[in-house]
Amino acid sequence: MALIFILFSLSIVKGQQNYTWFSPLEDKQVEGRIDNHKLTAFNRLPDELENQVRKPVWQLGENSAGLYIDFQTSASEIKVQYQVAGALNMPHMPTTGVSGLDLYAYDNTSKDWKWAYGNYNFSDTISYTWENIGENSNFSYRLYFPLYNTVKWLKIGVPSNGKFAYTRTATLKPIVVYGTSIGQGACTSRPGLAWTSQVGRALKNEVLNLCFSGNGRLEEPILKVMNQVDAACYILDCIPNLAITKSRTEEQLDSLLVNAVTLLRKERPTTPIILTQHSSGSIPTVFNEDKNKEYQQSSSVLKKTFEKLQSQGERRIFMLSSDELGLDLNSTVDYAHPNDQGMEHIANAYIKLLKKVLE
């Protein structure tokens with residue numbers, strides 16, 4: 001594994017003179033996004049899209065969902081300090097998920113992932129400290145950024161006598177996900193439990209999170225930027241934001257889905273594409289008949305479109321069904337957004353399918 005060593009002079013900060021600090025953004029070491037080396041903020045969309053997408057999409061793209069850094073260190077203690085631009089939490093999602101960090105480590109000896117609990121302080125400047133984690137030269141660390149907030153600046157520090165080096169754990173082509181609030185991470189308790197994060201740890205593929213709360217609508221500017229990525233797989237998981245309404249008919253939803261696949265196929269004729277039904281569209285587990293009908297109706301259209309594309313000769317296309325996603329009455333915090341258990345159900349379904357698709 002290639003290591004990118006960054007040599008820094010000791011940053012002198014009052015009360016923290018014994019720490020060496022690193023800036024992943026300035027060092028161009030933020031993973032999980034397109035055009036990483038061109039970006040100057042913790043956003044997920046290339047700068048040129050600001051004038052091409054709707055304002056809500058751009059603003060949500062400034063949230064750091066799915067972004068992370070990979071590194072190695074000999075230090076037994078790690079500190080991170082940062083500031084965010086938005087509210088720390090939401091009524092149905094905790095501060096640790098909306099605005100918090102999450103630290104995992106891949107053990108290169110046992111070949112599995114481990115997790116470390118950090119002490120946190122949420123104030124004007126947020127701080128996380130991981131202590132007594134051991135001097136683990138065999139660990140490759142992964143630090144996930146907030147799911148639903150915009151990071152203004154962030155620095156990571158280790159004791160000045162500890163070594164620190166950025167690494168890159170993902171070695172295969174990226175998986176690009178276009179989706180909704182569920183893919184962005186609502187409403188899990190911490191960033192590493194978002195289903196896209198879980199998929200990224202299970203496979204050796206970087207996962208690029210293009211999921212926008214309430215705004216996963218299969219729009220062409222996002223599809224075109226996806227097409228720029230030589231991906232291992234494209235995932236279109238937008239059905240939760242594409243209900244059949246007075247302003248959107250079944251025929252129009254079918255057209256949106258066909259257009260999305262057709263556009264991706266212009267540049268990537270053989271890249272696998274996964275079309276996903278609504279994660280809450282299986283056997284009804286809530287009393288609300290309107291939501292049950294909405295989820296099942298749009299999921300039914302997706303299945304018919306999928307079968308039509310197959311009949312027209314499309315061979316590298318796959319469907320992930322509501323039944324396979326397997327959410328139950330214990331899986332959500334409300335009408336659709338998964339809790340930690342729900343996220344695991346979704347992640348496991350994707351991992352199972354992706355292992356088949358990427359063979």
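The values are calculated or read from the model by the stated rules, or taken from the named source; none is laboratory data. Because the structure is predicted, anything quoted here is derived from the model rather than measured. FYI the Cβ positions are ideal-geometry reconstructions off the backbone, even for glycines, and counts take in every protein chain you see. Only protein heavy atoms, including side chains, enter the accessible area calculation; ligands, DNA and RNA are left aside. Shrake-Rupley method; radii C 1.70, N 1.55, O 1.52, S 1.80 Å.
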For residue 215, other-chain or 5+-apart residues with amide H closer than 5 Å (H placed, Pro excluded) are 181
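Work out, step by step, the length gained on full extension between residue 92 and residue 315: first 0.36 nm times the residue separation, then minus their alpha carbon distance; give nm to one decimal. Each step should come with its number before you reach the end.
Working: separation 223, 0.36 × 223 = 80.28 nm, distance 4.02 nm.
Value of the extension gain: 76.3 nm.
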Quick check: at a probe of 1.4 Å, how many percent of the accessible area of the chain sits on carbon and sulfur atoms? 49 percent
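Between residue 270 and residue 109, what's the calculated FRET efficiency when r is the beta-carbon distance and R0 is 35 Å? Round to 0.05. Could the numbers behind the result be given before it?
Details: r = 37 Å, r/R0 = 1.06.
The formula returns an efficiency of 0.40 here.
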Residue 224: accessible area at probe 1.4 Å, nearest 10 Å²? 110 Å²
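Leaving out ligands and nucleic acids, note down the accessible area per residue over the stretch 102-203 with a 1.4 angstrom probe, in whole Å². Don't skip to the end; give the middle numbers.
On the way: 3800 Å² over 102 residues.
Accessible surface, normalised per residue, equals 37 Å².
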Per the Debye formula with a single identical scatterer at each Cα and no solvent contribution, what log10 I(q)/I(0) holds for the chain at q = 0.10, 0.15 Å⁻¹? -0.60, -1.30
Residue 20 accessible area, nearest 10 Å², 1.4 Å probe? 20 Å²
Spacing of the two label points (7 Å from each Cα toward its C-beta) at residue 333 and residue 117, in nm: 2.1 nm
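Do the sum for the chain: with -39,500 (n - 2.57) for every DSSP H run of n ≥ 4, divided by all residues, what is the mean residue ellipticity at 222 nm, to the nearest 500 deg cm²/dmol?
Numbers: 9 runs with 94 residues, N = 359.
Value at 222 nm, helices only: -8000 deg cm²/dmol.
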Binned at 10 Å from 0, what are the whole-percent values of the Cα-Cα distance distribution for the stretch 179-307, short to long? 12, 41, 36, 11, 0
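Extension gain residue 230-residue 135, at 0.36 nm per residue separation less the Cα-Cα distance, in nm?
Details: separation 95, 0.36 × 95 = 34.20 nm, distance 3.70 nm.
Taking 0.36 nm per residue and subtracting the Cα distance, the gain is 30.5 nm.
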Where the convex hull is taken over the Cα atoms of the stretch 109-251, what is its projected area averaged over directions, in nm²? 11.8 nm²
Packing rank of 242-253, 42-53, 95-106, where each peptide gets the mean count of other beta carbons within 10 Å, highest leading: 95-106, 42-53, 242-253
Rounded to the nearest 10, the angle in degrees between the Cα long axis of helix 289-311 and the longest principal axis of the Cα atoms of the chain comes to 80 degrees
For the chain, take the longest principal axis of its alpha carbons; what is the angle in degrees between that and the long axis of helix 340-357, to the nearest 10 within 0 to 90? 70 degrees
Cα centroid distance between the stretch 256-312 and the stretch 43-70, in Å? 24 Å
Figure the gain on full extension for residue 127 and residue 351 (residue separation times 0.36 nm, minus the Cα-Cα span) and round it to one decimal in nm. 77.4 nm
Two pseudo-spin positions, 7 Å from Cα along C-beta at residue 259 and at residue 50, lie apart in nanometres by 2.6 nm
